[in-house]
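Colleague: Quick one: the structure is below, questions incoming.
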Amino acid sequence: MSITFCPAYPFRLTGNRSEARDVLASVPYTIPGLTREDLAAQGMPAQRAEMLLLYYRSMVQRMEKAYPFDPHRRKLQALVRRHQTGTRGEVQRQAIREAIEQILANHPAGEPISLDSDLGLPITLAAFNSLLGLELKTHDIALALEVGSLAMINGSDPAKLLEGWLSYRPVVSAIEKALASGQYDKDGLLASLAEFAAQNNRPRDMVIMSSAVLIVAGSSVHRSLAPLLRIILANPEIATALARDESTRSLEELLRLHPPLPKISRFDAEASQKPGKSFILVDLEKANTCSQTFAKPEEFCPSRDNHGSMTFGYGPYACDGAPISRTFMHETIRALLNRTRGLKMVQDGGDHSAFLIYDKAE
């Protein structure tokens with residue numbers, strides 16, 4: 001599993017685990033500004049560039065209000081993660097299992113099934129609806145999950161950066177509508193975020209953008225199914241370990257070796273000189289295979305203690321959706337391995353257009 005990083009600006013790459021931890025712990029999640037000159041260099045017409053820049057700047061302002069680099073961020077992170085464990089976590093697990101059951105029951109055996117749209121998207125939607133207490137429909141978030149966080153995390157290229165942020169629009173609109181109409185489960189995360197904002201004098205944008213980030217970040221999870229399954233099906237010992245493992249130890253080891261997002265970037269505001277920009281690119285795959293932290297780091301060893309893994313990032317901006325992401329992948333992969341016979345991968349042009357085919361589902 002790999003991501004091609006083609007920056008339009010200078011970047012510093014680090015795979016050193018100690019330095020990676022320091023970067024993720026100390027560099028604020030600053031969003032780089034875009035200028036007319038940035039987009040003009042991409043050949044974008046001036047009128048369209050002006051319109052998109054206005055929207056981009058409004059989204060950046062909302063995100064900066066939602067994700068401050070202060071103690072509120074830690075409190076928010078703890079709240080979001082609590083909703084993914086215990087009783088609420090079981091609600092999400094059941095929603096994922098029901099979505100998988102429905103897909104396997106309705107899809108004709110022997111016919112290719114898209115890992116992205118036909119399998120990953122419905123399961124992702126069920127997972128995050130159950131977490132937030134919403135009833136979003138596929139069309140509300142299909143665009144966001146198609147573009148998703150990859151363009152933002154992977155692309156310092158101005159056009160890709162803009163595309164990533166524009167993908168938030170349908171999710172943000174849907175969440176704003178749910179809040180305005182009260183159409184959400186009062187036991188869900190969205191309700192708790194609204195209460196948190198009121199108690200801590202945080203803006204409404206914190207509720208909206210925190211929820212939108214969780215959903216859009218789900219794109220990196222369901223899109224990681226294709227490369228992960230490719231590895232699993234090519235390695236029978238890994239497939240056997242995952243199929244039999246009721247816990248998530250085998251999955252954790254697989255994700256240590258192959259993180260859903262192998263590389264993540266941080267905008268280095270201090271090193272950036274106007275009008276230029278500079279980025280720090282953190283290689284999580286290399287950080288996760290550090291010989292000083294893990295014995296025989298390149299080997300798949302489910303019994304390994306993965307406490308030092310940085311699969312879902314590190315520090316105040318580590319992935320808030322890590323628990324539900326683990327549940328999503330564990331339940332989906334185990335169901336495919338245990339409930340289907342003759343499971344094969346049909347590749348068609350890369351990670352995002354892969355299909356599965358199986359002889360029958362049980």
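The values are calculated or read from the model by the stated rules, or taken from the named source; none is laboratory data. Quick caveat, the model's predicted, so the values are computed rather than measured. Neighbour counts run over all protein chains shown; Cβ positions are idealised from the backbone, glycine included. For accessibility, only protein heavy atoms count, side chains too; no ligands or nucleic acids. Shrake-Rupley method; radii C 1.70, N 1.55, O 1.52, S 1.80 Å.
Colleague: Does segment 1-46 hold any residues that are open to solvent by 50 Å² or more (accessible area, probe 1.4 Å), among the hydrophobic types (A, V, I, L, M, F, W, C), at pLDDT 80 or above and closer than 17 Å to Ser278 by Cα, and which are they?
Modeller: Residue satisfying the conditions is Leu13 alone.
Colleague: If I ask for residues that are assigned to a helix (DSSP H, G or I), open to solvent by 10 Å² or more (accessible area, probe 1.4 Å) and over 20 Å from Asp116 (Cα atoms), which ones from segment 198-233 would you list?
Modeller: If the condition is that a residue be assigned to a helix (DSSP H, G or I), open to solvent by 10 Å² or more (accessible area, probe 1.4 Å) and over 20 Å from Asp116 (Cα atoms), then Ala198, Gln199, Arg204, Asp205 are the ones that fit.
Colleague: To continue, here is another question. Condition test on Tyr56, is it surrounded by 12 or more Cβ atoms within 10 Å (Cβ to Cβ), in contact with a helix residue (DSSP H, G or I) (Cβ under 6 Å, 6 or more places away or on another chain), at negative phi and at pLDDT below 85?
Modeller: Yes; evaluated as a whole, the condition is true for this residue.
Colleague: Right, another one. What are the residues in segment 244-265 that are open to solvent by 20 Å² or more (accessible area, probe 1.4 Å) and either assigned to a helix (DSSP H, G or I) or of a type in the set (D, E, K, R) (or both), if any?
Modeller: Arg244, Asp245, Glu246, Arg249, Glu252, Leu257, Lys263
Colleague: Turning to a different aspect of this structure: Criterion first (at pLDDT below 90, part of a helix (DSSP H, G or I) and touching a strand residue (DSSP E or B) at 6+ places or on another chain (Cβ under 6 Å)) does Ile153 satisfy it?
Modeller: Yes.
Colleague: A follow-up question, please. Please go through segment 266-291 and give me each residue that is modelled with pLDDT under 90, open to solvent by 80 Å² or more (accessible area, probe 1.4 Å) and either in contact with a Cys (Cβ under 8 Å, 6 or more places away or on another chain) or polar (S, T, N, Q) (or both), ordered by number.
Modeller: Gln273
Colleague: (1) in contact with a Ser or Thr (Cβ under 9 Å, 6 or more places away or on another chain); (2) at pLDDT 95 or above; (3) not basic (Lys, Arg): which one isn't true of Glu101, the others all being true?
Modeller: Status for Glu101: all satisfied but (1).
Colleague: Quick check: is even one residue across segment 233-240 out of contact with any His (no Cβ under 7 Å at 6 or more places or on another chain), of a type in the set (D, E, K, R) and at pLDDT below 85?
Modeller: Checking segment 233-240: not a single residue is out of contact with any His (no Cβ under 7 Å at 6 or more places or on another chain), of a type in the set (D, E, K, R) and at pLDDT below 85.
Yes/no matrix, rows are residues, columns are (1) among the small types (Gly, Ala, Ser); (2) closer than 26 Å to Leu255 by Cα:
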residue: Pro32; (1), (2): no, no
residue: Gln47; (1), (2): no, no
residue: Leu53; (1), (2): no, no
residue: Glu98; (1), (2): no, yes
residue: Glu111; (1), (2): no, no
residue: Gly120; (1), (2): yes, yes
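Colleague: If you don't mind, there's one more thing I want to ask. Looking at Ala78, Ala49, Ala105, which one is within 19 Å of Ala197 (Cβ to Cβ) and either part of a helix (DSSP H, G or I) or open to solvent by 50 Å² or more (accessible area, probe 1.4 Å) (or both)?
Modeller: Matching residue, one of Ala78, Ala49, Ala105: Ala78.
Colleague: Of the residues that sit in segment 307-348 and are among the charged types (D, E, K, R) and not in a helix (DSSP H, G or I), which one is least open to solvent (accessible area, probe 1.4 Å)?
Modeller: Asp320
Colleague: So, one more: Which condition breaks for Ile215 when tested against (1) under 25 Å from Ala25 (Cβ atoms); (2) within 15 Å of the chain's Cα centre (by Cα)?
Modeller: Among (1) under 25 Å from Ala25 (Cβ atoms); (2) within 15 Å of the chain's Cα centre (by Cα), the lone unmet condition for Ile215 is (1).
Colleague: Also, quick follow-up: Between a residue in segment 302-322 that is in contact (Cβ under 8 Å) with a residue 24 or more places away in the chain and any residue that is part of a helix (DSSP H, G or I) and β-branched (Val, Ile, Thr), which pairs come within a Cβ distance under 7 Å, given they are 6 or more apart or on different chains?
Modeller: The qualifying pairs are Asp320/Val80.
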